Amino acid sequence: MRIPGPGGFSSTRFPSTPGRAGLALLAALPLLAPVLAFADEVKVWAAGAYSFSDELGGFRITGASGTGTKDDPLVITEELNSATPVTLTIRTTKPIQAFGKAGEFANGVMYMRLNVLNNSGQAWVEFQFELQEILDQPSVFGDGLSFDQRNKTPDNIVSSNFADFDRDFEPYDRLLFRNGKVDPLKTVSFEFLVTDYTPRWTFYLVQDPRIPTG
């Protein structure tokens with residue numbers, strides 16, 4: 001599947017004596033440079049039957065591995081530079097087949113572990129994840145996407161730094177880790193199962209670190 005990316009400039013050379021339009025474009029190049037530099041920093045990491053991108057900004061992916069099974073989870077390593085929500089873009093890179101072999105198909109069963117470096121300069125006292133099939137819209141019950149909603153007593157939701165968790169399924173698919181702390185420049189790990197019984201080509205994982213209030 002082709003992943004959309006920023007378009008480049010034409011390979012056609014500028015005329016030896018630029019006209020008015022050419023001069024205007026040349027004058028604009030210094031203004032475009034920061035945008036192009038940012039685009040070059042965005043990387044797409046492939047693991048299993050999926051790709052993972054930090055294209056929506058606010059954080060940086062530094063690694064991805066695994067196939068998505070319980071014994072070989074998808075491991076995403078990240079660095080968050082602020083205590084504001086960021087969104088991980090997840091796309092399928094292999095054919096979709098519900099319950100197909102992990103790694104060969106996007107099968108709707110994704111065991112995940114996120115290793116997140118706190119580079120925000122502030123301690124985190126909670127951390128929330130939210131799944132979205134459509135960007136910025138809640139994932140409702142009928143779309144099949146959730147944090148293993150059918151399992152009422154999950155034993156695979158754990159964190160290195162938080163003792164407890166809460167799950168909410170209506171009107172959002174949210175997973176909140178609480179009763180813990182992540183100091184600046186420390187790394188926290190989260191493990192959970194994402195299920196999608198009507199797999200889509202693209203979905204999103206919003207990550208929201210919480211800082212002390214008051």
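Laboratory data are not the source of any read-out in this text; all were calculated from the coordinates shown. Not measured: the values here are computed from a predicted model. Positions of Cβ are generated from backbone atoms using ideal geometry, with glycine treated the same way; all protein chains shown enter the neighbour counts.
Quick notes on this one:
- Under 13 Å from the residue 211 label point (7 Å along Cα→beta-carbon), backbone N, the range 120-157: 120-126
- Loop-located chymotrypsin sites (Phe, Trp or Tyr not before Pro) across the range 82-133 with a Cβ neighbour count of 15 or fewer within 10 Å are 99, with loop assigned by DSSP.
- R0 of 25 Å, Cβ-Cβ distance residue 98-residue 178: FRET efficiency to nearest 0.05: 0.15
- Here is the result for the range 40-80: no GluC sites (Glu not before Pro) lie in DSSP coil with at most 15 other C-beta atoms within 10 angstrom of their C-beta.
- 30 Å Cα-Cα reach of residue 186 towards lysines, excluding residues that sit fewer than 8 places from it in its own chain: 43, 70
- In this label model, residue 70 and residue 160 are separated by 2.3 nm, measuring between points 7 Å along each Cα→Cβ vector.
- For the range 145-204, trypsin sites (Lys or Arg not before Pro) are listed when DSSP marks them as loop and at most 11 other Cβ atoms sit within 10 Å of their Cβ; the list is 150, 152.
- 20 Å cut-off, amide nitrogen to a point 7 angstrom out along residue 123 Cα→Cβ, residues in the range 179-214: 179-190, 208-214
- The range 44-210 shape via C-alpha gyration tensor axes, a/c threshold 1.5: prolate
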